[in-house]
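**Q** Could you have a look at this structure, given as structure tokens, before my questions?
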DNA sequence: GATTGGCACTCCACGATGCCGAGTGCCAAC
DNA sequence: GTTGGCACTCGGCATCGTGGAGTGCCAATC
């Protein structure tokens, strides 16, 4: 869609979108002029509105109602009419500060990100924890919980930590377990689950069991990366008058169960394209047609990565949502870089940060 | 409250509660007799109903409506009128089967429990992951992520695994880190965070840093045990007609944010008392007055433990909820026992299981 | 040719009205 | 103690009328 509207039409569309987002009521020519002086009469505005409706940017709920933006109208608004603001600095500082509190615990990043997104946008937020699509082994440990029950802890290259319980057929002491892990660890460092499984075939009884389990864990971690999602701000969903009453909110919550929403969203996500906005029927999944989605990925290049975003009614504050998503994704990317990046990269990054 | 109703009054109360739970509409004398033959006329039922209302077991929404159970009415029903059924065996088998799938991953137990509770009860479920109120150290590992960034993994006696990132001032190789952990691990096994912190004081630079961090992690784990909660079945909340429309559902969701609901519920939870039912205004917290809570704790004696339960409208299927909560709590307790119990205990437990 | 004021028309939201059905409470009779 | 009868009550629902906001069109004007 190219910009194809006259200056005045653009102005009117912009005001109608803003006004509708603000009030939630269809906007009429007169009431629009009461708030904004356009230097023309209602009749003129009406004729322009008629033109905009002709071109599918606006719609009437019914004959004697005002105009409401269509998905196409929102799209044009987001594309060409939105003042490209970034998040206010005080809020940036607050966010950075909050993240600093949990800097050390990687698992809490995603939770915090979800909370921040929800609170700042006033919408439902979704965040996937940082994961790698191909998990490679970093390190594992065997810890004796009690006789014949061992805890296997695996750390992947991407920093994901997993633990599984390993029942053994015979009793094996902590010393033996430590020796085993010391022997195996160097062998499987940086290998994928397939490679480890191949190794397991040739190995002895106990090592074979352990290696098999490790391979399983790695494979599982990759699978879960496709389905684990943290959501926050459910209460905001109900605050939306247009969603709260109908069965719409319920549908949305159902989509969240078991991360089903991810398989709906991911196919549409273009990685590394900054913030993406998907409005109403632009969503491939029909369930999401009543909603707008603001998405971004974070992390980078084969390292741990994920995506985050917010979902709300198409009548959402796009400017605010986009700047929030953009900023939080940046913060998450920075955090990940601080862990995995080589020193060179890190230095240049910190310089950029000033 | 002692049983204080005549046989016929009890029957009528029971039928009214059941009928109201089934239909959600106030129950009248005539419509009650249409479904159930009590061998008496509507007028008789009416007079009994009047008596029950007198005693606060029933209430009228308005003059010409049927009767609705009061919280007191539900209480009497749960206490004396409920047929004490256990969960149907096929469902028991399904649940056991589902847990067997994730047996090895301790972290997924709570999630699964929440999903099962929600699906079987058709209500919102809450589950806290198994935690110990006094965390003691089991084992830790140091893993070099990259130069000067180390991942510290701690495993507590209760089996909780935590990871934190440790920035160092100077570069230290994996070999040195492994040596350090091998030296320190035996020293701090089974210690609390306070004891470890005391040890840290006298230790050298790096060991001191590590021990301090470990103590922090332990302390944090204890704190989080008080606030971490998994909820499932939010969509069911909205299906409840009496909640979906009002702002009530929203209030409930707000309570869930950040585990605030735990601090509301825990003070009222008596541990080791089987399944507890808290109905409406019996809840100390006013926010929960519109709801009924079915709660149980699981786990045992200083080991990892937690609680689980469901929250729904006071008009809930108490029989089903209670039996579900009871069964799932039993399953969780069994699972934990299989990990931590000594072999003796385990044997007798398995024998009981047959 | 664009803009404007005027005007008829449309339709929703909202309150008032009336009716029906379900339910109650009471009472006299059994 | 139980019953049938009866007057009464009240919410729910449909119907109706009104007012306001908004539109579309057109002829007049700049």
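**Q** Counting only residues that are away from every other protein chain (no Cβ under 14 Å) and surrounded by fewer than 18 Cβ atoms within 10 Å (Cβ to Cβ), how many does segment A:207-221 have? Please lay out each step first, then the result.
**A** At the first step, the residues of segment A:207-221 found to be away from every other protein chain (no Cβ under 14 Å) are A:207-208, A:211.
Checking the rest, the ones that are also surrounded by fewer than 18 Cβ atoms within 10 Å (Cβ to Cβ) come to A:207-208.
So the count comes out to 2.
**Q** Which numbered condition in (1) surrounded by 15 or more Cβ atoms within 10 Å (Cβ to Cβ); (2) within 14 Å of DNA strand D (Cβ to nearest atom); (3) closer than 23 Å to residue A:313 by Cβ; (4) free of Cβ contacts under 8 Å to residues at least 40 places away in the same chain is the only one that residue A:67 fails?
**A** (4)
**Q** Quick one: residue B:194 ticks every box in (1) within 14 Å of chain A (Cβ to nearest Cβ); (2) at pLDDT 90 or above; (3) not in a strand (DSSP E or B) except a single one, so which number is it?
**A** Residue B:194 satisfies all of (1) within 14 Å of chain A (Cβ to nearest Cβ); (2) at pLDDT 90 or above; (3) not in a strand (DSSP E or B) except (1).
**Q** Within segment B:41-81, work out how many residues are in a helix (DSSP H, G or I) and away from DNA strand C (no atom under 13 Å from the Cβ). So that I can check it myself, show each step before the final result.
**A** Our first condition is that a residue be in a helix (DSSP H, G or I); within segment B:41-81, this holds for B:42-54, B:71-81.
Then keep just the ones that are away from DNA strand C (no atom under 13 Å from the Cβ); that gives B:71-81.
Within segment B:41-81, residues that are in a helix (DSSP H, G or I) and away from DNA strand C (no atom under 13 Å from the Cβ) number 11.
**Q** Also: Give segment A:14-28 a look and list any residue that's within 10 Å of DNA strand C (Cβ to nearest atom) and either on the phi > 0 side of the Ramachandran plot or surrounded by 15 or more Cβ atoms within 10 Å (Cβ to Cβ) (or both), or say none.
**A** Correct list: A:26 only.
**Q** Taking residue A:197 and the conditions (1) without any contact (Cβ under 8 Å) to a residue 24 or more places away in the chain; (2) surrounded by fewer than 16 Cβ atoms within 10 Å (Cβ to Cβ); (3) not assigned by TED's automatic domain parsing to the domain that holds residue A:339, which numbered condition does it fall short on, given that it satisfies the others?
**A** (2)
**Q** With respect to the numbered conditions (1) more than 12 Å from the chain's Cα centre (by Cα); (2) within 14 Å of another protein chain (Cβ to nearest Cβ), which one is the sole condition not fulfilled by residue B:230?
**A** Checking residue B:230 against (1) more than 12 Å from the chain's Cα centre (by Cα); (2) within 14 Å of another protein chain (Cβ to nearest Cβ), the one that fails is (1).
**Q** Also: Against the definition (more than 16 Å from DNA strand C (Cβ to nearest atom), in contact (Cβ under 8 Å) with a residue 24 or more places away in the chain and closer than 30 Å to residue B:213 by Cβ), how does residue A:113 come out, yes or no? Steps first, please.
**A** Details: more than 16 Å from DNA strand C (Cβ to nearest atom): yes; in contact (Cβ under 8 Å) with a residue 24 or more places away in the chain: yes; closer than 30 Å to residue B:213 by Cβ: yes.
Judged against the criteria, residue A:113 is a match.
**Q** Identify the single condition in (1) at pLDDT 90 or above; (2) within 16 Å of DNA strand D (Cβ to nearest atom) that residue B:87 does not satisfy, given that it satisfies every other one.
**A** (2)
**Q** Considering segment A:115-164 alone, what residues qualify as being in a loop (DSSP other than H, G, I, E, B), away from chain B (no Cβ under 13 Å) and surrounded by 22 or more Cβ atoms within 10 Å (Cβ to Cβ)?
**A** Within segment A:115-164, A:123, A:128, A:135 meet the criteria.
**Q** Here are the criteria: (1) within 15 Å of DNA strand D (Cβ to nearest atom); (2) under 23 Å from the mean Cα position of the chain (by Cα). Tell me which single one residue B:105 does not satisfy.
**A** Status for residue B:105: all satisfied but (1).
**Q** Could you tell me whether residue B:304 is touching a helix residue (DSSP H, G or I) at 6+ places or on another chain (Cβ under 7 Å), within 14 Å of chain A (Cβ to nearest Cβ) and either modelled with pLDDT of 95 or more or within 22 Å of residue B:109 (Cα to Cα) (or both)? Please lay out each step first, then the result.
**A** Numbers: touching a helix residue (DSSP H, G or I) at 6+ places or on another chain (Cβ under 7 Å): yes; within 14 Å of chain A (Cβ to nearest Cβ): yes; either modelled with pLDDT of 95 or more or within 22 Å of residue B:109 (Cα to Cα) (or both): yes.
For residue B:304, the condition - touching a helix residue (DSSP H, G or I) at 6+ places or on another chain (Cβ under 7 Å), within 14 Å of chain A (Cβ to nearest Cβ) and either modelled with pLDDT of 95 or more or within 22 Å of residue B:109 (Cα to Cα) (or both) - is met.
**Q** Can I ask one more? Please give the number of the condition residue B:97 fails out of (1) in contact (Cβ under 8 Å) with a residue 24 or more places away in the chain; (2) part of a helix (DSSP H, G or I).
**A** That leaves (1) as the condition not met.
**Q** Another question, then. When you look at residue B:112, is it away from DNA strand D (no atom under 16 Å from the Cβ), assigned by TED's automatic domain parsing to the domain that holds residue B:236 and surrounded by 12 or more Cβ atoms within 10 Å (Cβ to Cβ), yes or no? Break it down into steps so the answer makes sense when it comes.
**A** On the way: away from DNA strand D (no atom under 16 Å from the Cβ): yes; assigned by TED's automatic domain parsing to the domain that holds residue B:236: yes; surrounded by 12 or more Cβ atoms within 10 Å (Cβ to Cβ): yes.
Considered against the rule, which asks whether it is away from DNA strand D (no atom under 16 Å from the Cβ), assigned by TED's automatic domain parsing to the domain that holds residue B:236 and surrounded by 12 or more Cβ atoms within 10 Å (Cβ to Cβ), residue B:112 comes out as yes.
**Q** Pairs only if they're at least six apart or on different chains, beta carbon under 6 angstrom, first in segment A:22-46 and closer than 16 Å to residue A:11 by Cβ, second near DNA strand D (Cβ under 7 Å from one of its atoms) and not in a helix (DSSP H, G or I); list them, first residue then second.
**A** As it stands, the answer is A:27/A:66; A:27/A:67, since those pairs meet every condition given.
The values are calculated or read from the model by the stated rules, or taken from the named source; none is laboratory data. Every value quoted in this text rests on a predicted model; they were computed, and no experiment measured them. Backbone-built Cβ (ideal geometry, glycine too); neighbour counts: all protein chains shown.
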